[in-house]
Amino acid sequence: MADQRKCGVLLPVSSLPSKYGIGCFSKSAYEFVDMLKEAGQSYWQILPLGPTSYGDSPYQSFSTFAGNPYFISLEDLIEEGVLTKRECDKADFGKDPSSVDYAKIYESRFMLLRKAYERSNIAENPEFRKFREEQGYWLGDYALFMAVKARFGGAAWSEWAEDIRLRWQNALDYYREELYFDIEFYEYVQFKFYEQWAKLKAYANEKGIRIIGDIPIYVAMDSADTWASPWLFKLDENNQPTQVAGCPPDGFSATGQLWGNPLYNWEVHRQSGFDWWVKRIAHCFQMYDVVRIDHFRGFDEYYAIPFGDETAENGWWEKGPGMDLFRTISGRLGQKDIIAEDLGYMTDSVKRLVDESGYPNMKVIEFAFDERDTGNASDYLPHNYPRNCVVYTGTHDNETLVSWFGNITAPERKLVREYLNNFHDSDEEIYKDLICLVMRSVANLCIIPMQDYLGLDNTARINQPSTLGKNWKWRLKKGQFTKKMRKEMAALALRYGRTEYREETKETEKTEEANENKETV
């Protein structure tokens, strides 16, 4: 990745257009891959693929190894004969094709997946048996966790009966027998998820599109990971956290951010040779071509907050594993394509960790024009970029370019115009100038959120941190990724040396124009 000059698009799988309420591994995903290739793109960046919990955030998952059941293509299950089109068409997934209704998705998807499992005769499938054996290091614990969670009405595992909460052997044996078919159902769901995802990823790779996956640094407290391996985390004798994750007060939040994830017991990880982390990263590279590690600075120093505090104000910094972890990973797995998400306040020690790792770090153009910065020293201004970085207009946590430019201060808008040498009367399409700015930068890789290519405002924003109820919902509508837009993207990629030249004959262009009204996506 370090020697390439390429570009790609950021779009969560959930944001793909599809028939049944949420983006998934259906025909639309394959069509999106075709369109990326046509648009001169080489990468598709997605968000974490884990099963989501309360709040629907992909960064708070029931497992760091499992896949999200919502992404299983129902059309594929119809073709297999374990569901009928009538059953899927009758289910209520919500009425708005531009937004995910998670409450309705939850009710309808699991009902249909259970029917599919009951008709599948999956226990007789040799590929399923092979899958269970190969994924045994996490699958059994995850399936048991989900089955017991359902038995306890969805309660967090910290609220379960003591015997199963603390994993007494007699309780494990009892629930494995009592919930045998429920456990097998969750294993079946994972089998179908990984089967379908493997096919989609292989198709993308064949088309020259590499997948950038995303993993959170932390796991959720209410997860199979924490329940099955409590010794890896800072928990007490009752498996309750002693400290939790977050970040300190700053100019954006007077009380800081209280994430609530359990913190790692890094000494235990070190003594095990970082075995859990090696398995986690190896698993990621079975799923993705490139892995972006969220909150990379937490490996240098992490912020610890006393469990039970209502804000992050009383926390403190502690040292993380540093390069010891990444030397171990490269020693066990070889050199891997990893992106270090190093956004936020960068200390000298964090900069040293990023430099020593050799991983490309992230630059976000929306961070480059803060009027509180003086001069041209900002690391986010393109003339200061190294080649070994990944530049974004914005991430899933940021405003869209259009709304960002409208919401920054007048002096900051002036800074943008001066940097672009753009003094036109209208700012209506300045987002296009900003896209060109990052595309022509020296950064080896440039990733643009789909919403920014489309010129959408914050109604298409993916996530607003520290808020609940309105995030992770936006979807690309059918027909929105037009032929014209793909041509413009391909022209940009060619102009700035991020794709190979591909000459199109006049005859081909005429054929494309004739087919433009037949777009499926």
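Between ALA150 and ASN407, the modelled labels are 3.9 nm apart [label points 7 Å from Cα along Cα→Cβ].
Let a ≥ b ≥ c be the square roots of the eigenvalues of the Cα gyration tensor of region 219-315; is it rounded (a/c under 1.5), or, if not, prolate (a/b larger than b/c) or oblate? In terms of gyration-tensor shape, oblate.
Pairs of alpha-carbon atoms within less than 8 angstrom and 6+ residues apart define the contacts here; what relative contact order does region 20-115 have, in percent?
RCO, region 20-115: 31 percent.
Given a Förster radius of 60 Å and the C-beta distance between LEU494 and ASN170 as r, what FRET efficiency does 1/(1 + (r/R0)^6) yield to the nearest 0.05? Given R0 = 60 Å and the Cβ-Cβ separation, E is 0.35. Extension gain, ASP337 to LYS115: 0.36 nm times the residue separation minus the Cα-Cα distance gives 76.0 nm.
Set the Förster radius R0 to 35 Å, insert the Cβ-Cβ distance between TYR345 and LYS478 as r into 1/(1 + (r/R0)^6), and round the FRET efficiency to 0.05.
Plugging the Cβ-Cβ distance into 1/(1 + (r/R0)^6) gives 0.25.
Let's test the formula: R0 of 41 Å, r as the Cβ-Cβ distance of ARG352 and MET485. What FRET efficiency results, to the nearest 0.05?
Values: r = 42 Å, r/R0 = 1.01.
The pair ARG352/MET485 has a calculated efficiency of 0.50.
So in the chain, what percent of DSSP beta bridges are antiparallel if you round to the nearest 5? Given both bridge residues lie in the chain, the antiparallel proportion sits at roughly 35 percent. Helices meeting the span-like rule in the chain (full DSSP H runs, Cα extent of at least 27 Å along the helix axis, mean Kyte-Doolittle score of -1.0 or higher): 180-206. Placing pseudo-labels 7 Å out from each Cα toward the beta carbon at GLU134 and LYS85 gives an inter-label distance of 3.2 nm. Per residue of the chain, what 222 nm ellipticity follows from adding -39500 (n - 2.57) for every DSSP H run with n ≥ 4, rounded to the nearest 500? Counting only the DSSP helices, I get -12000 deg cm²/dmol. Neighbours of ASN121, meaning other residues whose beta-carbon lies under 12 angstrom from its beta-carbon, give a summed charge of -3 when Lys and Arg score +1 and Asp and Glu score -1.
For a straight C-alpha distance cut-off of 24 angstrom, the lysines reachable from LYS130 (same-chain residues fewer than eight places away being disregarded) are LYS115, LYS192, LYS199, LYS201, LYS279.
For region 386-455, the carbon plus sulfur part of the accessible surface works out to 47%, probe radius 1.4 Å. The residues packed around ILE435, meaning those with a beta-carbon under 11 Å from its beta-carbon, carry a net charge of -2 if Lys and Arg are +1 and Asp and Glu are -1.
Based on protein heavy atoms only, the chain ends up with 44 Å² per residue of surface accessible to a 1.4 Å probe. Please enumerate, by chain and number, the aspartates and glutamates with C-alpha under 18 Å from the C-alpha of LYS483, excluding those fewer than 8 residues away in the same chain. Cross-link targets: GLU31, ASP34, GLU38, ASP452, GLU503, GLU504, GLU507, GLU509, GLU512, GLU513, GLU516, GLU519.
Using the alpha-carbon centroid of each, what span in Å lies between region 187-236 and region 375-433? Measuring centre to centre over Cα atoms gives 34 Å. Between region 28-92 and region 241-263, how far is it from one alpha carbon centroid to the other, in angstrom? Comparing the Cα centres of region 28-92 and region 241-263, I get a distance of 31 Å. All other residues whose Cβ lies under 13 angstrom from that of PRO249 are scored, Lys and Arg at +1 and Asp and Glu at -1, for a net of -3.
I need the shape label for region 346-496. Rule: rounded when a/c is under 1.5, else prolate if a/b > b/c, else oblate, with a, b, c from the alpha carbon gyration tensor.
Judged from the Cα gyration tensor, region 346-496 comes out rounded (a/c under 1.5).
Region 462-497 and region 125-152 have Cα centres spaced 35 Å apart.
Within the same chain, aspartates and glutamates fewer than 8 places from LYS6 are excluded, and of the rest, those with a Cα less than 13 Å from its Cα are GLU500. Quick check: from the Cα gyration tensor, does the chain come out rounded (a/c under 1.5), prolate or oblate? The shape class here is oblate. Distances between placed amide hydrogens fall under 5 Å for VAL364 paired with TYR392, all partners being 5 or more residues away or on another chain. Here the 3J(HN,Hα) profile of region 233-247, calculated from phi with Karplus coefficients 6.51, -1.76 and 1.60 at θ = phi - 60°, is 10, 7, 10, 8, 5, 9, 6, 9, x, 9, 9, 10, 8, x, 9 Hz, Gly and Pro shown as x. Label sites at TRP231 and GLU318, each approximated as a point 7 angstrom past Cα along Cα to Cβ, lie 1.8 nm apart. Relative contact order of region 162-296, taken over Cα pairs closer than 8 Å and 6 or more residues apart, is 28 percent. About its Cα centre, the dipole of the chain is roughly 1240 debye, where the only charges are +1 on Lys and Arg Cβ and -1 on Asp and Glu Cβ. Ligands, DNA and RNA left out, the accessible area of region 285-348 computed with a 1.4 Å probe is 43% carbon and sulfur.
The values are calculated or read from the model by the stated rules, or taken from the named source; none is laboratory data. These numbers were taken from a predicted model, which means no experiment stands behind them. Here Cβ is always computed from backbone atoms with ideal geometry, including for glycine, and neighbour counts include all displayed protein chains. Remember, those area values only see protein heavy atoms, side chains included, never the ligands or the DNA or RNA. Shrake-Rupley method; radii C 1.70, N 1.55, O 1.52, S 1.80 Å.
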